[in-house]
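Below is one structure; the comments refer to it alone.
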């Protein structure tokens, strides 16, 4: 943990996607997960199986991350590297024991500006002009 100009940055090791993969919790409010979590339309999964160095380790790391985040007080926004954000931890960790296997099932959200696999409509203009929307809670 360190502070930059009054901003607290906590680094959490979550190996699996890569051996040294890290997530960053900023001021106990914003969790930047990068390629740790993939939000499908029905909640979060361990990131895309074909892009992980160790899928089993990814799931274990996500489980530990969830326990660490849930133990904290206050609302935390989970911000992914590709599929948006949510402050609903139930949604974010809905499928934490499952690996996103994109070639066996379609996980993508048609509203996402980028889905990683269907790239025919991913343009720079679209990426720069569409803001990410909060994922709604599924009930």
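Values in this text are rule-based calculations from the coordinates and carry no lab data. These numbers were taken from a predicted model, which means no experiment stands behind them. Counting neighbours? That spans all protein chains shown, and the Cβs are built from the backbone with ideal geometry, glycine included.
Once the Cα gyration tensor of segment 1-74 is found, what semi-axes does its equivalent ellipsoid get, as square roots of 5 times the eigenvalues, in whole Å, sorted largest first? All intermediate terms of the calculation are to be shown ahead of the outcome.
Values: eigenvalues 102, 38, 23 Å².
Largest first, segment 1-74 gives 23, 14, 11 Å.
Order these peptides, 39-45, 6-12, by their mean beta-carbon neighbour count within 10 angstrom, highest first.
Packing order, densest peptide first, comes out as 39-45, 6-12.
Mind ordering 59-69, 19-29 by average Cβ neighbours within 10 Å, highest first?
Descending mean neighbour count gives 59-69, 19-29.
What does the extension gain come out to for residue 63 and residue 97, with contour length at 0.36 nm per residue minus their alpha carbon separation?
Result for the pair: 11.5 nm of gain on full extension.
Would you mind checking segment 26-47 for residues with the amide N under 20 Å from a putative spin-label position 7 Å along Cα→C-beta of residue 2?
26-34
Give me the distance in nm between label points sitting 7 Å out from Cα along the Cα-to-Cβ direction at residue 18 and residue 54, one decimal.
In this crude label model, residue 18 to residue 54 measures out at 1.6 nm.
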